[in-house]
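The values are calculated or read from the model by the stated rules, or taken from the named source; none is laboratory data. No experiment lies behind these values; they were computed from the predicted model shown. Positions of Cβ are generated from backbone atoms using ideal geometry, with glycine treated the same way; all protein chains shown enter the neighbour counts.
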């Protein structure tokens, strides 16, 4: 006899079977959670600097920071959705992000423009390190979607750090 729709809807969802073990999925999700926390923290810092930059480089930095925080904002969703695809909840609170992030929160008093640039260089390099640390786990598990996401994030963060660092040269 066929089950009614109410009987089938009350059954648990099938176990995840994507060819990656539960242990590897948990390890990858934990690494992606750190990447998400770093990305979101850097987004907040960059947006804060966009609002608070002053000085002779105002227009240049104001526009550059807007481009950067917009890119960071667009980056958080694919990272969170990859965590969900692996069967784990994505962190999404300030409390969770503050525990997971490797980069500090923005200073309370807005720094001078070039110090903002310096802080953002350090932030982008930190996010790149967080992404790079996860590669061995993703590669061991043959998790190509995560590896692809990490490659994309590394490219953005390394290039942004280079461009910001160039502004600090004499």
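Which condition from (1) under 21 Å from residue 100 (Cα atoms); (2) surrounded by fewer than 19 Cβ atoms within 10 Å (Cβ to Cβ) is the one that residue 148 breaks?
The failed condition is (1).
Quick check on residue 20: is it in contact with a helix residue (DSSP H, G or I) (Cβ under 6 Å, 6 or more places away or on another chain) and surrounded by 15 or more Cβ atoms within 10 Å (Cβ to Cβ)? I'd like the intermediate steps shown before the answer.
Details: in contact with a helix residue (DSSP H, G or I) (Cβ under 6 Å, 6 or more places away or on another chain): no; surrounded by 15 or more Cβ atoms within 10 Å (Cβ to Cβ): yes.
No.
Can you say whether residue 46 is within 16 Å of residue 164 (Cβ to Cβ), part of a helix (DSSP H, G or I) and free of Cβ contacts under 8 Å to residues at least 24 places away in the same chain, as far as the supplied structure shows?
Answer is no for this residue.
Look through 106, 117, 76, 121 and report the one residue that is at pLDDT below 95, in contact with a helix residue (DSSP H, G or I) (Cβ under 6 Å, 6 or more places away or on another chain) and surrounded by 13 or more Cβ atoms within 10 Å (Cβ to Cβ). Reasoning before the result, please.
Working: 117 fails: at pLDDT below 95; 76 fails: at pLDDT below 95; 121 fails: at pLDDT below 95.
Among 106, 117, 76, 121, only 106 is at pLDDT below 95, in contact with a helix residue (DSSP H, G or I) (Cβ under 6 Å, 6 or more places away or on another chain) and surrounded by 13 or more Cβ atoms within 10 Å (Cβ to Cβ).
When residue 17 is evaluated against the numbered criteria (1) at pLDDT below 85; (2) part of a helix (DSSP H, G or I), which criterion, by number, is the only one it fails?
Checking residue 17 against (1) at pLDDT below 85; (2) part of a helix (DSSP H, G or I), the one that fails is (2).
Looking at region 89-103, can you tell me whether even one residue there is in contact with a helix residue (DSSP H, G or I) (Cβ under 6 Å, 6 or more places away or on another chain), modelled with pLDDT of 95 or more and surrounded by fewer than 17 Cβ atoms within 10 Å (Cβ to Cβ)?
There is at least one residue in region 89-103 that is in contact with a helix residue (DSSP H, G or I) (Cβ under 6 Å, 6 or more places away or on another chain), modelled with pLDDT of 95 or more and surrounded by fewer than 17 Cβ atoms within 10 Å (Cβ to Cβ).
Give all pairs with beta carbons closer than 6 Å in which a residue from region 80-102 that is farther than 10 Å from residue 33 by Cα meets a residue that is at pLDDT below 95 and surrounded by fewer than 15 Cβ atoms within 10 Å (Cβ to Cβ); count only pairs at least 6 apart in sequence or on separate chains.
Every condition considered, the pairs that remain are 87/16.
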